[in-house]
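Accompanying notes for the structure given below.
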Amino acid sequence: MSRAELKSQAKEQIKGKIGLLFIIFLIIWVIMFAVAFVPLVGAIVMWVLQVGFGMGIVMIYLALTKKENVEIGDMFKGFNILGKALWLNIITNFFVFLWSLLLFIPGYIKSIAYSMAPYILAENPTMTAREALSKSKEMMNGHKLDYFILSLSFIGWYLLVGITFGLVGIYVIPYMNATITNFYNSIKE
């Protein structure tokens, strides 16, 4: 599937759901902001919440791309596999760090290779984090450049988000997330 098709599909999938996706983002932001002020353990709790909510967001976009109903409470679904999601986050960051010791470019290439692991884990909660990481590496063989170019195609949108002090992000973030999820769906087969 071409970049244009992935993006066109994403626009259709988020149409009429921007308000819901913004409310979900706002609730997560408020929770994370409040936790940031908790002394001593705030940073650890914030990391745990970030991973749990991140997995919930992945699940939301997987549901959107499958034309399933999405609700506000779905943002908490990622906490059902929180242990595996945390371990996936730890080992992904560890391996990217190790590759980055060689130079920035190998680390960045590995981060792209591992980028589909959260989607794989979200769809296969019985899989281990290590299996999801391995499956992501395998899945991204021959697709890393496609992913990189797809990511670059959003640069103009990022600039627009900056110019509008984040306001356009209400549309851009769901659009980008849906596009990346469509990319995942297109290469998993």
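Values in this text are rule-based calculations from the coordinates and carry no lab data. What you see is a predicted model; the values in this text were computed from it and never measured. FYI the Cβ positions are ideal-geometry reconstructions off the backbone, even for glycines, and counts take in every protein chain you see.
Structural remarks
- For segment 86-189, convex hull of alpha carbons as volume per residue, Å³: 119 Å³
- Think of segment 3-188 as a dipole: +1 on every Lys or Arg Cβ, -1 on every Asp or Glu Cβ, centred on the Cα centre; then among N185, I163, L145, L145 lies furthest on the positive end.
- Once the C-beta distance of I149 and I91 is scaled by a Förster radius of 22 Å, the resulting FRET efficiency is 0.25 to the nearest 0.05.
- Among 56-64, 22-30, the peptide with the highest mean count of other Cβ atoms within 10 Å heads the list, and the full ranking is 56-64, 22-30.
- Only lysine pairs 8 or more places apart, or on different chains, with alpha-carbon atoms under 12 angstrom apart are counted in the chain, and they number 6.
- Per-residue Cβ neighbour rank within 10 angstrom, fewest leading, K7, K17: K17, K7
- Size of charge dipole - segment 21-116 - debye, nearest 20, with Cβ of Lys, Arg +1 and Asp, Glu -1, no other charges: 200 debye
- 3J(HN,Hα) from dihedral phi, segment 136-150, Karplus parametrisation 6.51/-1.76/1.60, rounded to Hz, x for glycine, proline: 5, 4, 5, 5, 7, 4, x, 10, 4, 5, 4, 5, 4, 5, 4
- Were the residues from F76 through A43 laid out at 0.36 nm apart, the gain over their Cα-Cα distance would be 9.9 nm.
- Our coupling estimate for segment 9-22, obtained by passing each phi through the Karplus curve with A = 6.51, B = -1.76, C = 1.60 and θ = phi - 60°, is 4, 4, 4, 5, 5, 8, 4, x, 10, 4, x, 4, 5, 5 Hz, Gly and Pro reported as x.
- Cα gyration tensor shape for the chain, rounded if a/c is under 1.5, else prolate or oblate: rounded
- Dipole-positive endmost among W29, L121, L102 within segment 3-188 (Cβ charges, Cα centre): L102
- Cα-centred dipole magnitude for segment 3-188, charges only on beta-carbon of K, R (+1) and D, E (-1), debye, nearest 20: 220 debye
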